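A short write-up of the structure that comes next.
The values are calculated or read from the model by the stated rules, or taken from the named source; none is laboratory data. This structure is a prediction, so every number in the text was calculated from the model and none was measured. Note: ideal-geometry Cβ built from the backbone for every residue, glycine included; neighbour counts use all protein chains shown. With ligands, DNA and RNA removed, areas are computed over all heavy atoms of the protein, side chains included. Shrake-Rupley method; radii C 1.70, N 1.55, O 1.52, S 1.80 Å.
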Amino acid sequence: MGLPNGVHHIAICTKDMKAQVEFFFQVVGMELVALYWMHGVKNTYHGFLKMGGGSIAFVQGPEVGEIQPMPGVSHAPWTAAPVAAGVMQHLALNVDTFADLLAIRDRVRAHGHWIMGPIDHGFCKSIYLAAPEGIMLEFSTSEGKPIDAGAWIDPEVVRRCGIGPQDLQRYKNPPEFQSQGGRVAQPKPDPSKPLMQYPPGRKSAYDMTDEEVWTTMSETTPPVNVKR
């Protein structure tokens, strides 16, 4: 109960919302489903393009254009290149079949974009290209087959990652968790664990109760009043 079952959205910063929307609409075939002022962030737009049951989302604000990209730090210059820890290296989008993979390759090439592949990785087949602002983009298919953990968890790599036999067994067998209906108390922020950093002068969610976060940060009114 309570486990994630897919990607709701992936948010990527941009300094040119229209260019990203145009590319993912025209070249990839996604539908624009939301474009509005980002809740709680001044002078910032949030755009969503539909991707199956989830979305790719873009965020454009004035500060984004002031941050200079640096290949190898802010983004990867090619799909397998190293970047700073915690930074997205590449974005892989799923298609159902190998025929679908060739179809999306045709679509990309028909719009004048260079794209590499397919390459067979054993548990998936993939094609690769660069999207606007240096996003390294991959399309993949596993053709409906789950990854065989017995064949694709390499004992040597397991050891090099410092993972022992007991940990490996744990990682392959997530325990059941019984929800308490949201009644688990909020722990105090622990600096030894990952924490968000709020801008100076802005009240931090760390100082709020769950109820205060809900009442002060929620914004459910759409920008357009649609009469059905």
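Worth a mention:
- Selected from F25, F177, F48 as most flexible by GNM, with the chain as the system and alpha-carbon contacts under 10 Å: F177
- Evaluated at q = 0.24 Å⁻¹: base-10 log I(q)/I(0), Debye formula over Cα of the range 38-131: -1.32
- Under a Gaussian network description of the chain, with springs only between Cα atoms under 10 Å, the residue in K203, K42, K145 that fluctuates furthest is K203.
- Dipole of the chain, positive end: most advanced residue of G162, G2, H39 [Cβ charges, Cα centre]: H39
- Based on the Stokes-Einstein relation at 10 °C and a viscosity of 1.306 mPa s, and on the Kirkwood radius from alpha carbon pairs, the range 1-75 is assigned a translational diffusion coefficient of 118 µm²/s.
- Per residue, the chain reaches -6000 deg cm²/dmol at 222 nm when only DSSP H runs of four or more residues are counted, each adding -39500 (n - 2.57).
- Computed accessible area, Y206, all protein chains, 1.4 angstrom probe, square angstrom: 90
- With distances taken between every two different alpha-carbon atoms, the chain has a Kirkwood hydrodynamic radius of 21.2 Å.
- Measure of compaction for the range 1-45 (Cα Rg per 2.2 N^0.38 Å): 1.44
- Between G150, G52, G181, the residue with the greatest mean-square fluctuation in the GNM of the chain (Cα pairs under 10 Å linked by springs) is G181.
- Bridge orientation summary for the range 24-155: considering DSSP beta bridges with both residues in this region, about 80 percent are antiparallel.
- Rolling a 1.4 Å probe across the protein heavy atoms gives the chain an accessible surface of 73 Å² per residue.
- Spin-label zone in the range 145-165 - amide nitrogen under 19 Å from a point set 7 Å from the Cα of A85 along the C-beta vector: 158-164
- Centre-to-centre separation between the Cα atoms of the range 187-228 and those of the range 106-144: 36 Å.
- Plainly put, the range 87-190 has a radius of gyration that is 1.12 times its Kirkwood radius, both from alpha-carbon atoms, as the Rg/Rh ratio.
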